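The values are calculated or read from the model by the stated rules, or taken from the named source; none is laboratory data. Since this is a predicted model, take the numbers as computed values, not measurements. Every residue, glycine among them, receives a Cβ derived from its backbone with ideal geometry; neighbour counts consider all protein chains shown.
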Amino acid sequence: MQRPGYYAILIVGLTVVLAALGSMVLLLLNIPYEFTSWWLTVGVTMLLFFLIVVIARYIILLWLGYLHHLESRIEEDDPFDLFEPPVTIIVPAYNEGAVIEGALKSLLALDYPAYEVLVVDDGSSDDTYARASSLEGRYGDVVLRVVSKSNSGKAAALNTGISLARHPFVLCMDGDSRLSRDTLKAALRHFRDPHVGAVAGNVKVVNRRNLWTRLQALEYIEGLNMARRAQAFARTVNIIPGPIGIFRRDVLQELGGYEIDTYAEDADLTLKILTAGWQIKYEERAIAYTEAPEGLLDLLKQRYRWTRGILQALGKRTSYLLSPKLGAGVWISINTMMFEAVIWPFVNVVGNLAFAIGALSMGIPEYVLYWWMMLTILDVAAALYTVAMEEEDLMLVPYAVLYRLFFIVVVDVAKMFATIEELFKVRMTWGKLERAGRL
């Protein structure tokens, strides 16, 4: 159960968010300037639109996220909510020698009655297979198996695991991740509902060692999970994260599993499940700890790949973007994915830049400072709210000062380039992130 002190922080955080939003409205409505040129009129109109989008986005995500949080707490307290069918955990691994043993040892320590761990070595050129094989065997009611195949990518490795799995539910993860002990118990209970085809887990950054990784730790909590909670309230999560997704095996087999024609196979599979009419839920207690990129260049490469992969997945389903034929919830979720991946980065970067240029042109440079302060207050409040909701480390909250006007702008610029290059079909390669073995 959540500690009482965190509820007070949630209330304070939400109050500050609303106060910050109100202050931003007043800031723009009281600009002391008469618009004598058309471009200034257009610019301020665009800024007002930008502000409305910011306000609507925060209020909707925070409110729906809180409703999902309350719903999860009610389900958690249900004494009849026990559902513990056998599960196969599929671990695709390619050159994960630095981290594979730590990941597998964490899997053998999960709090769950019976399950199997299936490692699929994707033709590694290092000692991944040897390290994984050293742990192969039976551990009570838990079995660890290791198979090897020629290198053909993560999606193909996952499909191999799905075909070899012995149980009706599968958990797909990354070879560089580890799971919290109660992950399976928390996630599998959702499958008591026969309409639920998959459950998205909660990804957390384990290597919080420098500025970039701490900012990513905050981003996963405030940026990614805040949206995922809101979508989960409508059972329409649009991205099941690669480090932890739990599925009905027959659903994956029926839909053909993972495909290899995008750079975001997790997003592609999620959309495939959604558009097949299945519900997708989110479980905050099903946690995967993963290594985040520790350097700026690796971070930008990762976000560039994510964005192009999401665009590729959406490009395969343009008809669902244009028509709500599967219902309003799915239609909104898919269009939200497009908005967050493509439109919002342009709006965020151009909106902030336009305000700065406009304020300087109008001779009111202090308004740039006011604007920055309001956005910072908004992000600090949102960080406080979401960090408290997950009972996370409150020391992450001060990093919100740098979050939007530094970190998010840098990431959004990478997303903008990715969008442009995907539109022009610029060739790219997968590129593997080198792990430091922080697990």
If we ask which residues in the range 82-123 are without any contact (Cβ under 8 Å) to a residue 60 or more places away in the chain and under 18 Å from residue 164 (Cβ atoms), their number turns out to be 10
Residues that are farther than 29 Å from residue 385 by Cα and hydroxyl-bearing (Ser, Thr, Tyr): does the range 260-267 have at least one? yes
Residue count, the range 132-156, condition closer than 14 Å to residue 96 by Cα and more than 30 Å from the chain's Cα centre (by Cα), comes to 1
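Residue-wise test of (1) within 19 Å of residue 243 (Cα to Cα); (2) aromatic (Phe, Trp, Tyr); (3) surrounded by fewer than 19 Cβ atoms within 10 Å (Cβ to Cβ); (4) within 29 Å of the chain's Cα centre (by Cα).
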| residue | (1), (2), (3), (4) |
| --- | --- |
| 93 | yes, no, no, yes |
| 108 | yes, no, yes, yes |
| 120 | yes, no, no, yes |
| 126 | no, no, yes, no |
Output for Cβ contacts, cut-off 6 Å, separation at least six or different chains, first residue aromatic (Phe, Trp, Tyr) in the range 376-403, second in a helix (DSSP H, G or I), reads 385/10; 385/13; 385/14; 399/214; 399/215; 399/218; 403/379
Scanning the range 276-306 residue by residue, the ones that are touching a Lys or Arg at 6+ places or on another chain (Cβ under 6 Å) and of a type in the set (Ser, Thr, Tyr) total 2
Residue 327 meets each of (1) at positive phi; (2) in contact (Cβ under 8 Å) with a residue 24 or more places away in the chain; (3) of a type outside the set (S, T, N, Q) with one exception, condition (2)
Those residues of the range 227-240 that are surrounded by 24 or more Cβ atoms within 10 Å (Cβ to Cβ) and not β-branched (Val, Ile, Thr) come to a total of 6
Subject >> Selection status of residue 292, buried (at least 23 other Cβ atoms within 10 Å of the Cβ), among the small types (Gly, Ala, Ser) and under 24 Å from residue 65 (Cα atoms) >> reply: no
Selection over the range 69-100 where residues are out of contact with any Ser or Thr (no Cβ under 8 Å at 6 or more places or on another chain) and either modelled with pLDDT under 85 or of a type in the set (D, E, K, R) (or both) yields a count of 17
Picked from the range 57-66 (must be of a type outside the set (Phe, Trp, Tyr) and surrounded by fewer than 15 Cβ atoms within 10 Å (Cβ to Cβ)), the residue farthest from residue 378 (Cα to Cα) is 60
Per the filter on the range 347-375, residues within 19 Å of residue 224 (Cα to Cα) and either without any contact (Cβ under 8 Å) to a residue 60 or more places away in the chain or in contact with an Asp or Glu (Cβ under 8 Å, 6 or more places away or on another chain) (or both) are 348, 349
If we ask which residues in the range 227-244 are among the charged types (D, E, K, R) and either closer than 21 Å to residue 404 by Cβ or in a helix (DSSP H, G or I) (or both), their number turns out to be 2
Scanning the range 107-128 residue by residue, the ones that are touching a Gly at 6+ places or on another chain (Cβ under 9 Å) and either part of a helix (DSSP H, G or I) or of a type in the set (Ser, Thr, Tyr) (or both) total 2
Every listed condition ((1) basic (Lys, Arg); (2) surrounded by fewer than 16 Cβ atoms within 10 Å (Cβ to Cβ); (3) touching a helix residue (DSSP H, G or I) at 6+ places or on another chain (Cβ under 8 Å)) holds for residue 131 save (2)
Wholly inside the range 136-226, strands (runs of 3 or more DSSP E) that include 2 or more residues that are surrounded by fewer than 20 Cβ atoms within 10 Å (Cβ to Cβ) and either of a type in the set (A, V, I, L, M, F, W, C) or in contact (Cβ under 8 Å) with a residue 40 or more places away in the chain (or both) are 142-149
